[in-house]
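S.K.: After the structure tokens below, expect a handful of questions from me.
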Amino acid sequence: NVLTPSDSERFIQFLTVPYIRIPLMLDFFANGDPGRLAALKTKSLQLIVDASLFEPGNWKPVDYTEIIMEVPVVDKDKLDELLATPHGTLFNEIAK
């Protein structure tokens, strides 16, 4: 009960989009209602945010050069391969 129902729904939706989860989540807490930031005092919410930020995600070699040629990518394994990063998702966001 630390987030409003609409904020809770938005937050849960962010967890379903792995490649853009980190910027969405950080923006959610940084540029919204100050009550959202205060909600981070709750240990259970801290654990969810921590797990989302530091999840290593899929890795690929630095010299991987294949690009997305069609949208949507139907093959789940191919999609996972294309959305992988050579340094993990958090470092990928920091490096941008």
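S.K.: At 7 Å along Cα-to-Cβ for each site, give me the label-to-label distance between D75 and E55 in nm.
M.R.: If labels sit at D75 and E55, their model points lie 2.4 nm apart.
S.K.: Mind checking the full-extension length gain between Q13 and A38? Use 0.36 nm per residue of separation minus the Cα-Cα distance, one decimal, nm. Please list the in-between numbers first.
M.R.: Details: separation 25, 0.36 × 25 = 9.00 nm, distance 2.02 nm.
Contour length minus the Cα-Cα distance gives 7.0 nm.
S.K.: Follow-up. Among the GluC sites (Glu not before Pro) in the stretch 4-96, which ones are in a DSSP loop with at most 12 other Cβ atoms within 10 Å of the Cβ? Mind listing them?
M.R.: Values: sites: E9, E66, E70, E81, E93; in loops: E66, E70.
In loop regions of the stretch 4-96 (DSSP not H, G, I, E or B), the sparsely surrounded GluC sites (Glu not before Pro) are E66, E70.
S.K.: Considering only protein heavy atoms and a 1.4 Å probe, what is the carbon-and-sulfur percentage of the accessible area of the chain? Could the numbers behind the result be given before it?
M.R.: On the way: 4250 of 6810 Å².
Roughly 62 percent, rounded to a whole number.
S.K.: Could you work out the relative contact order of the chain? I mean the mean sequence separation of Cα pairs under 8 Å and 6+ apart, divided by the number of residues, in percent.
M.R.: Working: 62 pairs, mean separation 27.4, N = 96.
Dividing the mean separation by the residue count of the chain yields 29 percent.
S.K.: Which value, in Å², gives the accessible area per residue of the chain when a 1.4 Å probe is used on the protein heavy atoms? Please list the in-between numbers first.
M.R.: Numbers: 6810 Å² over 96 residues.
Each residue of the chain exposes 71 Å² on average to a 1.4 Å probe.
The values are calculated or read from the model by the stated rules, or taken from the named source; none is laboratory data. Keep in mind that this is a model prediction, so the values were computed, not measured. Every residue, glycine among them, receives a Cβ derived from its backbone with ideal geometry; neighbour counts consider all protein chains shown. Accessible surface is based on the protein model in full, side chains and every heavy atom, while ligands, DNA and RNA are left aside. Shrake-Rupley method; radii C 1.70, N 1.55, O 1.52, S 1.80 Å.
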